[in-house]
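The next block holds one structure in the form of structure tokens; read it before the comments.
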Amino acid sequence: MAEQCNHLPDECWELILNRLDHRSHLEAPSLACKRFLSITNELRTHFVVNPTIFKRGGTLSKLFARFRHLKSIDLSGFHGDIDHVITEIAVSDLKLESLDVSNSNCLPLECLKLLGSKMKSLRVLKCSNLDVFRDIELVAIAESIPWLEELDISYPLSPGEVGLTDEGIKVLSSKLGVLRKINISGNDFLTDKSLFALSSNCVFLKEIVILHCSLVTPHGIEFVMRNSSQLSSISVGKNEISRSSLYYLPLFDSFTSARGLSTLYIHDSLVPDEFLYSLAKARFLLKRLSLSFCSNFTFSGISSHLYTHRSLEYLSFTKVIFLTDKLMSDLSKYLTSLVTIKLCLCRSLIESTFFTLAKNCPLLEGIDMGRINFGIVDRTEDIVKNPRIKSLKLNFNLDLTDKCLEKLASVCPSLEMLDLSHCPRITQNGVSNFLNTDSKVRNLCINGCMRIKNIGTGSELPKLEVFEAANSGIDDKGLAMIGNRCRRIMILDLTGCLGATSIGLKEILRNCRRLREINLNGCSKMIMESVDWMVFSVPSLKKIVVSDEHSITESQRRVLLGRGCLVSWWDAATILDP
């Protein structure tokens with residue numbers, strides 16, 4: 001059999017390895033032999049630059065030589081010399097398509113010019129949340145990379161000076177002739193003139209996000225809707241449109257002319273029923289709708305809209321206070337195509353809505369019902385299994401009980417993500433019973449659940465990879481159970497677990513050989529005898545957050561960085577490549 005495998009060409013192995021559930025699963029085969037290492041290197045297309053690369057004295061050029069097929073690089077978590085990094089990217093032989101430089105201090109103009117002259121394949125640039133971002137940087141982007149199709153320039157900080165203005169957007173729109181997507185949120189100095197320029201000059205514009213732009217009015221939104229013939233997605237809110245509401249009558253008509261619109265996000269705005277009626281009359285194929293934190297509409301308006309748009313795949317009704325279980329039962333009849341729904345902060349809802357959705361929405365995969373009244377009344381009788389549901393968020397449901405959780409297990413046999421954070425009535429018995437039902441859960445969140453001290457005994461949980469238990473009741477016995485049952489766990493968050501000590505930690509390290517991140521911040525009883533021992537015991541560890549700064553010296557940190565593990569005493573941003 002082994003000889004037959006040796007004769008398989010690399011292309012066949014690539015097809016096989018690409019079938020793995022998550023890219024992190026490529027680590028094991030990459031360690032099997034040099035040939036598999038080479039093949040898995042070829043399969044990587046996305047890379048996150050993390051702090052360890054340069055602190056270990058490494059350079060990106062070596063990584064680029066190893067990962068020759070990279071299409072996307074994320075620098076949003078890197079806070080070093082951005083000039084040097086962009087220069088290395090520019091002079092590489094990569095055919096890069098996407099670059100994220102968000103959260104940086106600024107964009108070096110000369111590096112932008114070099115990037116534009118070398119990286120002709122670049123189509124997506126994300127520059128969100130830059131400390132300094134003005135018209136001069138925006139114009140440099142437009143002149144250096146005029147073939148960009150997607151651009152994110154949202155939420156620049158630019159303290160003490162004027163940030164982006166309409167003049168900068170005007171130049172940008174005249175240069176980027178193939179621009180398809182843009183996010184201008186959080187730019188306080190932009191007005192309707194920016195929307196006029198983008199809509200008039202960018203004829204291929206398909207998606208625009210306009211949140212927290214205080215000077216944008218419904219007139220500007222109307223112009224975009226009428227003049228952007230390719231528009232398929234628009235997100236608005238927290239601007240002048242929020243204060244004047246959507247009662248601006250010409251705006252009603254403009255939406256009826258947007259025949260290609262498939263995504264509509266309206267955030268924190270006054271939305272009258274008349275607006276929803278106009279959307280219903282438009283009869284375009286809307287697939288995604290969000291009315292999060294919106295008000296002024298009623299059941300009549302939203303019912304009329306959903307009755308017409310039965311193609312919806314995503315629906316968000318965050319903090320729609322008038323919704324009840326009876327109303328959601330009526331609306332669910334129109335949601336047969338729904339894949340994801342968010343109903344968090346709808347405090348009049350109880351668990352009946354969950355069971356109704358599971359029954360009436362056969363394609364449903366993700367449900368967010370955090371901060372409602374789940375579990376306050378237990379009278380559900382009509383329970384139907386829905387094997388398509390993969391994600392369930394029930395955080396901050398103060399009345400959710402073990403008995404209710406047991407019913408959820410019978411409804412969602414294929415659940416992969418379960419969030420029970422800050423559900424104080426859930427106990428270890430409830431979690432144990434849930435996990436013992438042939439669980440397929442990959443990500444379990446029990447943050448703030450003080451009554452959960454362990455996950456109980458039972459068979460191994462080979463699917464569980466992420467376990468978030470910050471400020472929970474997990475103790476040494478619980479850690480031993482996690483070690484015995486969750487041997488493939490990769491990320492473990494024990495922040496503030498006062499019952500956990502070094503005894504339980506040793507059980508985790510002894511059994512969980514694939515562990516990559518562990519957070520021990522605030523574990524006051526955790527005596528860190530030797531952080532070195534942790535890293536050498538589990539070579540897969542890439543990040544450790546210890547309980548105090550005296551647990552490790554600076555020289556030790558540098559040595560461990562040389563082995564690829566970042567050790568800190570604060571909860572720094574995740575350094576792993578997702």
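The values are calculated or read from the model by the stated rules, or taken from the named source; none is laboratory data. Being a predicted model, the structure only gives us computed values, none of them experimental. For neighbour counting, all protein chains shown are included, and Cβ atoms are generated from backbone atoms with ideal geometry for every residue, glycine included. Calculation scope for accessible area: heavy atoms of the full protein, side chains included, ligands and nucleic acids excluded. Shrake-Rupley method; radii C 1.70, N 1.55, O 1.52, S 1.80 Å.
Applying the set (1) at pLDDT below 90; (2) not in a loop (DSSP other than H, G, I, E, B) to SER199 leaves exactly one unmet item: (1).
Residues are listed down the side, and each one gets a yes or a no for (1) of a type in the set (Ser, Thr, Tyr); (2) at pLDDT 90 or above; (3) outside any loop (DSSP other than H, G, I, E, B); (4) on the phi < 0 side of the Ramachandran plot:
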{"residue": "GLY57", "(1), (2), (3), (4)": "no, no, no, no"}
{"residue": "GLY77", "(1), (2), (3), (4)": "no, no, no, yes"}
{"residue": "GLY80", "(1), (2), (3), (4)": "no, no, no, yes"}
{"residue": "ILE86", "(1), (2), (3), (4)": "no, yes, yes, yes"}
{"residue": "ASP93", "(1), (2), (3), (4)": "no, no, no, yes"}
{"residue": "LEU115", "(1), (2), (3), (4)": "no, yes, yes, yes"}
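Of all residues assigned to segment 179-198, at least one qualifies as being open to solvent by 10 Å² or more (accessible area, probe 1.4 Å), touching a Lys or Arg at 6+ places or on another chain (Cβ under 6 Å), in contact (Cβ under 8 Å) with a residue 12 or more places away in the chain and among the small types (Gly, Ala, Ser). Does segment 137-152 include one or more residues that are open to solvent by 60 Å² or more (accessible area, probe 1.4 Å) and assigned to a loop (DSSP other than H, G, I, E, B)? Taking every residue of segment 137-152 in turn, none turns out to be open to solvent by 60 Å² or more (accessible area, probe 1.4 Å) and assigned to a loop (DSSP other than H, G, I, E, B). Scanning segment 92-110 for residues that are touching a strand residue (DSSP E or B) at 6+ places or on another chain (Cβ under 9 Å), buried (at least 21 other Cβ atoms within 10 Å of the Cβ) and either touching a residue at least 40 places away in the same chain (Cβ under 8 Å) or not aliphatic (A, V, I, L, M) (or both) yields a single hit, ASP100.
Based on what the data block shows, is SER158 more than 19 Å from VAL49 (Cβ to Cβ), in contact with a Lys or Arg (Cβ under 7 Å, 6 or more places away or on another chain) and crowded, with 18+ Cβ neighbours inside 10 Å? It is true that SER158 is more than 19 Å from VAL49 (Cβ to Cβ), in contact with a Lys or Arg (Cβ under 7 Å, 6 or more places away or on another chain) and crowded, with 18+ Cβ neighbours inside 10 Å. Which one is modelled with the lowest pLDDT, of the residues in segment 561-570 that are within 18 Å of LEU492 (Cα to Cα) and not in a loop (DSSP other than H, G, I, E, B)? Checking each candidate, the answer is SER568.
Screening the candidates CYS346, CYS412 for the property of being surrounded by 21 or more Cβ atoms within 10 Å (Cβ to Cβ) and in contact with a Phe, Trp or Tyr (Cβ under 7 Å, 6 or more places away or on another chain) yields one hit, CYS346.
For residues in segment 468-488 being under 24 Å from the mean Cα position of the chain (by Cα) and surrounded by fewer than 24 Cβ atoms within 10 Å (Cβ to Cβ), which is farthest from SER391 (Cα to Cα)? The extreme case among them is ASN471. Among the residues of segment 539-560, the ones that are at pLDDT 80 or above and crowded, with 20+ Cβ neighbours inside 10 Å come to 7 in all.
Any idea which of VAL178, VAL171, VAL162, VAL132 is closer than 24 Å to SER214 by Cβ, modelled with pLDDT of 95 or more and either touching a Leu at 6+ places or on another chain (Cβ under 8 Å) or in a loop (DSSP other than H, G, I, E, B) (or both)? Just one listed residue meets the conditions, VAL171. Put simply, of SER300, SER232, SER254 the only residue that is surrounded by 18 or more Cβ atoms within 10 Å (Cβ to Cβ), among the polar types (S, T, N, Q) and at pLDDT 90 or above is SER232.
Pull up segment 320-347, narrow it to residues that are in contact with a strand residue (DSSP E or B) (Cβ under 7 Å, 6 or more places away or on another chain) and not hydrophobic (A, V, I, L, M, F, W, C), then point me to the one that is nearest to ILE372 (Cα to Cα). For segment 320-347, the residue satisfying everything is LYS342. One residue stands out among those in segment 422-445 that are under 18 Å from ILE376 (Cβ atoms) and not in a helix (DSSP H, G or I): the one that is most open to solvent (accessible area, probe 1.4 Å), which is ARG425. Scoring LEU315 on the criteria (1) modelled with pLDDT of 95 or more; (2) in a helix (DSSP H, G or I) leaves a single failure, condition (2). The residues of segment 282-301 that are of a type outside the set (Lys, Arg) and either out of contact with any helix residue (DSSP H, G or I) (no Cβ under 7 Å at 6 or more places or on another chain) or in contact (Cβ under 8 Å) with a residue 60 or more places away in the chain (or both), listed by number, are PHE284, LEU285, LEU286, LEU289, SER290, LEU291, SER292, PHE293, CYS294, SER295, ASN296. SER472 meets the stated requirement of being at pLDDT 90 or above and of a type in the set (Ser, Thr, Tyr). Quick check: anything in segment 280-289 over 23 Å from LYS407 (Cα atoms), open to solvent by less than 60 Å² (accessible area, probe 1.4 Å) and part of a helix (DSSP H, G or I)? Yes; the residues of segment 280-289 include at least one that is over 23 Å from LYS407 (Cα atoms), open to solvent by less than 60 Å² (accessible area, probe 1.4 Å) and part of a helix (DSSP H, G or I). Does at least one position in segment 521-530 carry a residue that is at pLDDT 95 or above, open to solvent by less than 10 Å² (accessible area, probe 1.4 Å) and farther than 22 Å from ASN50 by Cα? The answer is no; no qualifying residue exists. For segment 349-374, filtered to residues that are among the polar types (S, T, N, Q) and either within 22 Å of the chain's Cα centre (by Cα) or in a helix (DSSP H, G or I) (or both), the residue that is surrounded by the most Cβ atoms within 10 Å (Cβ to Cβ) is THR353.
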